Amino acid sequence: MAAMSGVDDGNSPDHNSAGTVVIGGGLAAAHCAHELRKGGYGKPITIIADEDAVPYERPPLSKEFLQGNKTADEFRPFPEEWYAEASVQLRLGLTATAIDTANKVVGLSDSTSIDYENLVIATGCRSRLGGRASNMTGWDLPGVHTLRSLADSQALKEQLVEGRRLVIIGAGWIGMEVAASARAAGVQVTVLTPDEVPLAVAMGTEFGSHVARLHIKNGVHCRFGTMVNGITLDPESGLKVMTSTDAVAADLVLLAIGAVPNNELAAEAGLEIGTGVLVDAQLHSSDPSILAIGDIAEAFNTTLGRSLRVEHWDNAIRQGKLAAATILGREEAYDWLPYFFTDQFDLGMEYVGDRAADDDVVLRGEMDSGEFIIFWLRKGLVTAAMNVNIWDVNDHLRSLVGKSIAAHRLADTSVDLLSL
């Protein structure tokens with residue numbers, strides 16, 4: 001039976017009217033509900049979550065939680081009791097099966113339904129599975145993991161035993177963060193990727209090469225330019241990852257080859273879909289009573305003048321709050337720059353902005369020192385900036401994005417950063 005919290009107690013919210021239903025139980029959903037109540041919203045709020053867990057943040061799944069340094073309670077944005085105190089109903093372990101836009105009804109997997117006045121879709125992403133993505137055989141074998149949920153992270157953590165062999169397929173953020181966490185546990189790690197440089201698509205070859213050197217220095221066996229054809233399981237010898245040239249033995253395998261937005265429910269409801277659910281700067285979809293937020297939203301950014309879909313922690317929080325502002329009738333818009341961070345070994349990084357692959361790269365400081373800043377410029381304008389192991393500067397870097405600053409001044413460490 002689906003768990004519930006925030007049971008109707010007849011207090012201040014108007015429990016006799018349709019209110020706001022949020023499909024999805026992640027960070028964006030939690031902040032949407034919280035901001036609604038904070039803003040005085042008095043109608044019912046219901047969160048439909050397919051996991052049995054109270055909403056939590058996802059970054060620790062590949063870092064602190066996986067390393068055993070945080071418990072799940074430590075990365076919930078709001079404690080479980082808050083939902084009951086705020087009369088927010090959590091319906092856990094349920095999925096939405098259909099949206100009837102004409103009658104404003106959501107059908108649920110337990111054969112019940114719920115009416116809505118405003119519907120917020122926050123269904124997030126799922127892991128891209130090898131079999132579906134690239135005809136990779138063996139992606140569903142025992143011992144082959146993905147990492148999107150608390151349960152995924154717990155299952156993987158239990159297998160990270162010193163001396164075991166982990167093969168990670170993919171060299172994106174999740175893959176490289178898990179590689180660092182696994183090495184901290186004494187696990188032997190091999191990363192297989194067709195890319196010549198990790199993170200090059202997201203961050204460019206300069207930073208990607210730095211990350212590669214860092215991992216190699218810490219004992220990660222990185223095999224770049226390596227295609228994986230499939231995974232096999234032999235009862236005697238265990239898992240093997242088959243590449244175009246050989247077979248790599250493993251005790252466990254992590255598929256970290258990207259994520260796919262959960263668009264299907266929105267598409268079946270007739271909403272306009274691009275790379276995600278298409279929404280305007282206030283997060284309205286093509287149906288004005290339905291909003292989309294977080295990983296699934298391809299939203300129009302007023303600062304950048306175009307639509308984009310962002311799969312990061314900061315965006316989930318901000319869009320959750322913006323959706324609430326829109327429902328409350330406040331005139332706010334999606335106007336912030338993308339921001340994300342990572343922690344790998346002794347590297348801590350923050351990025352803000354919107355770089356393109358052909359932007360000019362300006363390095364401030366020496367990469368070998370482990371402390372540096374990278375700027376990206378397009379036609380003399382700063383498009384993005386990243387600080388590595390240099391703290392309390394990200395807000396200033398954010399203020400520089402969009403400004404015209406000479407490359408030589410950005411690179412010159414004798415020029416006070418705060419004077420730029």
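Overview of results
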| item | result |
| --- | --- |
| Per-peptide average of other Cβ atoms within 10 Å, ordering 279-291, 219-231 highest first | 279-291, 219-231 |
| Over region 181-320, relative contact order from alpha-carbon pairs under 8 Å, at least 6 apart, % | 12 |
| Net charge dipole size for region 135-210 [Lys, Arg +1 and Asp, Glu -1 on Cβ; Debye, nearest 20] | 220 |
| Radius ratio Rg over Rh of region 247-385, counting only Cα atoms, Kirkwood formula for Rh | 1.06 |
| Antiparallel %, DSSP beta bridges [both residues in the chain], to 5 | 60 |
| Sulfur and carbon atoms: percent of accessible area, region 31-189 [1.4 Å] | 44 |
| Mean accessible surface per residue for the chain, computed with a 1.4 Å probe while every protein chain stays in place, in Å² | 43 |
| Values of log10 I(q)/I(0), in the order q = 0.10, 0.11 Å⁻¹, for region 197-316 under a Debye, Cα-only, solvent-free model | -0.54, -0.62 |
| In sequence order, calculated HN-Hα J values of region 110-123 (Karplus, 6.51, -1.76, 1.60; Hz; x Gly/Pro) | 9, 6, 9, 9, 9, 7, 9, 9, 10, 10, 10, 9, 9, 7 |
| Contact order normalised by residue count of the chain, Cα under 8 Å, 6+ apart, percent | 14 |
| CD proxy at 222 nm, helix term only [per DSSP H run n ≥ 4: -39500 (n - 2.57); per residue of the chain; nearest 500] | -6000 deg cm²/dmol |
| Ordering of 105-112, 59-66, 350-357, 298-305 by packing [mean C-beta count within 10 Å, highest first] | 59-66, 350-357, 298-305, 105-112 |
| Cα-Cα P(r), the chain, percent of pairs per 10 Å interval | 4, 20, 28, 26, 17, 5, 0 |
| Length-normalised contact order of region 267-392 in % [C-alpha pairs under 8 Å, at least 6 apart] | 16 |
| The chain: DSSP helices with Cα axial extent of at least 15 Å and average Kyte-Doolittle hydropathy no lower than 1.0 | none |
| Listed pairs 38/157; 157/240; 38/104; 104/321; 70/217; 63/240 exceeding 32 Å between Cα atoms | 38/157 |
| Accessible carbon and sulfur surface of region 226-382 relative to its total accessible area, %, 1.4 Å | 48 |
| Cα centroid separation - region 288-318 against region 175-209, whole Å | 27 |
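The values are calculated or read from the model by the stated rules, or taken from the named source; none is laboratory data. Fair warning: this is a prediction, and the values are worked out from it, not measured in the lab. Neighbour counts run over all protein chains shown; Cβ positions are idealised from the backbone, glycine included. Accessible surface is based on the protein model in full, side chains and every heavy atom, while ligands, DNA and RNA are left aside. Shrake-Rupley method; radii C 1.70, N 1.55, O 1.52, S 1.80 Å.
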